Amino acid sequence: MTIPRLKKHPSHSSSLPQNLRGIFAGSGTLLNHPEMGPHLLSLAHKSKSKSKSISTAVDPSSITLLYLGTPSYDLPDKRLAQTSWYVERGCRVISLDVVETAPATAYMQECVEGADIILVSGGNTSFAMRRWRRLGLDGMMREAVARRGVVMAGGGGGGLLGGD
């Protein structure tokens with residue numbers, strides 16, 4: 001049996017990069033769990049160091065996590081539930097809220113370029129993709145993953161978006 005290939009969305013300029021690293025969970029809160037967080041930090045550390053193995057412990061203060069709560073409408077309680085573990089360990093957590101306002105393109109680019117991990121909340125995937133495409137944020141994220149090896153993570157609907 002031949003499995004049909006999916007057509008590429010017109011806004012996608014290239015296929016998924018071969019260096020894609022990520023964790024995509026059934027629920028966004030799983031990524032904030034003490035058993036899962038270290039794995040995500042380890043992936044980011046490997047991406048930063050460009051090595052296949054880690055000989056030293058990951059220093060969380062060297063990791064910048066960009067949180068995109070667009071699928072959950074940038075609700076503060078969702079952000080807290082999904083990022084508190086990383087904040088407590090000293091990671092720099094930036095939240096890029098794009099639901100009610102459109103940040104300047106340069107600011108969005110700065111946030112994405114500074115990220116080692118992009119964590120996407122679960123929620124309304126259709127809304128998030130439409131919003132990100134309108135703002136150009138989807139392309140910025142694809143470029144960061146392809147060029148710098150930024151680690152993608154998401155739970156629920158955010159897991160679906162992380163691999164798009």
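Across the stretch 56-72, the qualifying residues are those that are assigned to a loop (DSSP other than H, G, I, E, B) and either among the hydrophobic types (A, V, I, L, M, F, W, C) or under 16 Å from the mean Cα position of the chain (by Cα) (or both), and the one among them that is farthest from residue 136 (Cα to Cα) is 57. If the condition is being farther than 23 Å from residue 39 by Cα, in a helix (DSSP H, G or I) and not β-branched (Val, Ile, Thr), then the stretch 83-107 contributes 106, 107.
The one condition from (1) out of contact with any Ser or Thr (no Cβ under 6 Å at 6 or more places or on another chain); (2) more than 21 Å from residue 39 (Cβ to Cβ); (3) in a loop (DSSP other than H, G, I, E, B) that residue 123 does not meet is (1). Figure legend. Inter-residue proximity from the stretch 127-156: first residues more than 15 Å from residue 97 (Cα to Cα) and buried (at least 18 other Cβ atoms within 10 Å of the Cβ), second residues among the aromatic types (Phe, Trp, Tyr) and at pLDDT below 95, beta-carbon distance below 9 Å, spacing 6+ or different chains. Indicated pairs: 152/24; 153/24; 154/24; 155/24.
Yes/no matrix, rows are residues, columns are (1) more than 14 Å from the chain's Cα centre (by Cα); (2) modelled with pLDDT of 90 or more; (3) of a type in the set (D, E, K, R):
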| position | (1), (2), (3) |
| --- | --- |
| 17 | yes, no, no |
| 23 | no, no, no |
| 28 | no, no, no |
| 32 | no, no, no |
| 52 | yes, no, yes |
| 83 | no, yes, no |
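If only residues of the stretch 61-81 that are of a type in the set (A, V, I, L, M, F, W, C) and surrounded by fewer than 19 Cβ atoms within 10 Å (Cβ to Cβ) are counted, the one that is modelled with the lowest pLDDT is 81. Inspection of the stretch 108-128 finds a residue satisfying the criterion of being at pLDDT 95 or above, under 30 Å from residue 59 (Cα atoms) and polar (S, T, N, Q). For residue 110, indicate whether it is more than 22 Å from residue 25 (Cβ to Cβ), open to solvent by 40 Å² or more (accessible area, probe 1.4 Å) and free of Cβ contacts under 8 Å to residues at least 24 places away in the same chain. So residue 110 passes the test. Residue-level analysis places residue 160 outside the set of residues that are open to solvent by 40 Å² or more (accessible area, probe 1.4 Å), within 23 Å of residue 36 (Cα to Cα) and at pLDDT 95 or above.
The values are calculated or read from the model by the stated rules, or taken from the named source; none is laboratory data. Note that the structure is a prediction, hence the values are computed from the model and not measured. Backbone-built Cβ (ideal geometry, glycine too); neighbour counts: all protein chains shown. Ligands, DNA and RNA are stripped out before the accessible areas are found, and what is left, the full protein with its side chains, is counted by its heavy atoms. Shrake-Rupley method; radii C 1.70, N 1.55, O 1.52, S 1.80 Å.
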